[in-house]
Amino acid sequence: MAENAPAILWFRRDLRLGDHAALLTAAKSASRVLALYVLDDALLKPSGAPRTAFLSGCLRALDEQLSGRLLVVHGDPVRAVPEVAEAIGAGSVHVHADTAPYGRRRDQEVAAELGRRGVDWVETGSSYAITPGRVTKPDGEPYRVFTPFFRAWLRHGWPSPADTSASTVDWIDPDGLSGVDIPDAPDLGSMTLPEPGERAALAAWDHFRDEALPDYDNRRDRPDLDASSRLSPYLRWGCVHPRTLLAELGDEDEAFRAELAWREFHADVLWHRPETARRNYNTKFDAMKLETGPAARSAFEAWCQGRTGYPVVDAGMRQLLAEGWMHNRVRMIVASFLVKDLHLPWWWGARHFMRHLVDGDLASNQLNWQWVAGSGTDAAPYFRIFNPTTQGEKFDPQGDYVRRYVPELAGLSGKTVHQPWKAGPPDGYPAPVVEHAHERRVALERYGELSP
DNA sequence: TGGATATTGGG
DNA sequence: CCAATATCC
């Protein structure tokens, strides 16, 4: 890009507050830098949504580090970017988009609009694109199975994280621009959210790397332990770049590297098949018989509230409401329950997750739901149906996780919490809404009706 | 990144 | 009887 041109650093809905590499690269060739964060309308709609609160926290944390010079613009990027370009008095500005791969199609719309207004378009990297260039099969086709993707991704390699210690960005004060502010955090009531911002992200990383990473492969499935990284909100909001983590990981950390690779894999799948955010990746599942009537709505409500009568399912759903986060193993269990025990559309569950998760990421969330439902790429085979009781006993062997989130069951000791119906009905805790053994047979029957 | 059930082989 | 194994969904 030309020297001495003002630059707008444009971050779309997926903020990458910690991706200093993109900021610095752009800043070095610009005379002035204006950090512009465009928030997609979708972020602002559910006024009580915790992900909005976490985002506000991230923005405040960054604003603090930038001495109050952060400019935030809400709204449709197609309109907002040129408006700001006009407001700062530049006939031509360079726009750097740091986008997720699945945002590219929208970016092309934005680029076309900017072109019509005489604004130059420069694209920089993305914290999804860990690798320079796309990881594809030798014939150029995208991978549809994770394991070969993972191997190719490891072989492909990635650059070191940028050195951000010598920042020379000259931040301009955005005083006088209209529509500029950091959104207020909504009232969270009794919710507890993680500390936002880059510093908190790096602290979480330090803690995880030193305490849980060495035994991650063995312990990550245990929701009762502090064994997972808890980094997902920071990765989702860009408070830390995955390359920053990868730089400190080695071959012995394969299990955790695979988790980072899953993010990229799903982002890549969604980029190639954007409609799979809402529809079955495998369209053969369009013929699946689903429950959608009043009884289904009522079962869905019980699932959302954590009142299904299956302890580990209810614990997970209540953790989601209380923290905007749920342990990964439990996400699989509650998702399997919604799809295979309640026979509800996976997108009902995915939408509830996106509304409440502080780490809710469109690609990872929707495609992991499809993985559970069996309709996704490289999906779990249809016959793999979790038994919610067995899963609870296996991964929460002492019942500590259940008791932490389901107070009605706090009086039951040890693993007996996983079968409260045996000890007589505890006060206020519901009987199972469905019988698993029966619903399992129903699910298998319905899968059997699909064309091969 | 299962589970249910039948079968087998050692106690 | 129970644990390990095989097989099917």
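Listing for the model above:
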read-out	value
Theoretical gain in end-to-end length, A:Asp210 to A:Asn328 [0.36 nm per residue, Cα-Cα removed]	40.4 nm
A:Phe383 paired with A:Ala437, simple spin-label distance in nm, labels 7 Å along Cα-to-beta-carbon	2.0
Members of A:Lys340/A:Lys422; A:Lys284/A:Lys394; A:Lys340/A:Lys415 lying beyond 31 Å, as alpha-carbon distances in this model show	A:Lys284/A:Lys394
Extent along principal axes [Cα atoms of the range A:275-447; Å; largest to smallest]	46, 35, 30
Net +/- balance of residues flanking A:Lys415 in space, Cβ distance below 15 Å, scoring K and R +1, D and E -1	+1
With all protein chains modelled, accessible area of A:Arg403 [1.4 Å, Å²]	50
Residue order for A:Tyr281, A:Tyr234 - accessible surface, 1.4 angstrom probe, largest first	A:Tyr281, A:Tyr234
Relative contact order computed over the range A:305-452 (Cα-Cα under 8 Å; 6+ residues apart), in percent	28
Inter-label distance, nm, simple model (7 Å from Cα along the C-beta direction), A:Lys394/A:Glu86	6.0
Karplus-derived 3J(HN,Hα), 6.51/-1.76/1.60, for each residue of the range A:390-399, Hz, glycine and proline x	4, 4, x, 5, 6, 9, 10, x, 9, x
Additional length obtainable on full extension of the chain from A:Arg297 to A:Arg219, 0.36 nm per residue less Cα span	24.5 nm
HN-Hα J in Hz across the range A:224-230 - Karplus 6.51, -1.76, 1.60, θ = phi - 60°, x for Gly and Pro	7, 9, 8, 10, 9, 6, 6
Net charge dipole size for the range A:275-447 [Lys, Arg +1 and Asp, Glu -1 on Cβ; Debye, nearest 20]	240
Extension reserve of the A:Met191-A:Lys422 stretch, reckoned as 0.36 nm per residue once the Cα distance is removed	79.9 nm
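The values are calculated or read from the model by the stated rules, or taken from the named source; none is laboratory data. Everything quoted here is computed from the prediction, not taken from an experiment. For neighbour counting, all protein chains shown are included, and Cβ atoms are generated from backbone atoms with ideal geometry for every residue, glycine included. Just so you know, the surface numbers come from the protein's heavy atoms only, side chains and all, with ligands and any DNA or RNA stripped out. Shrake-Rupley method; radii C 1.70, N 1.55, O 1.52, S 1.80 Å.
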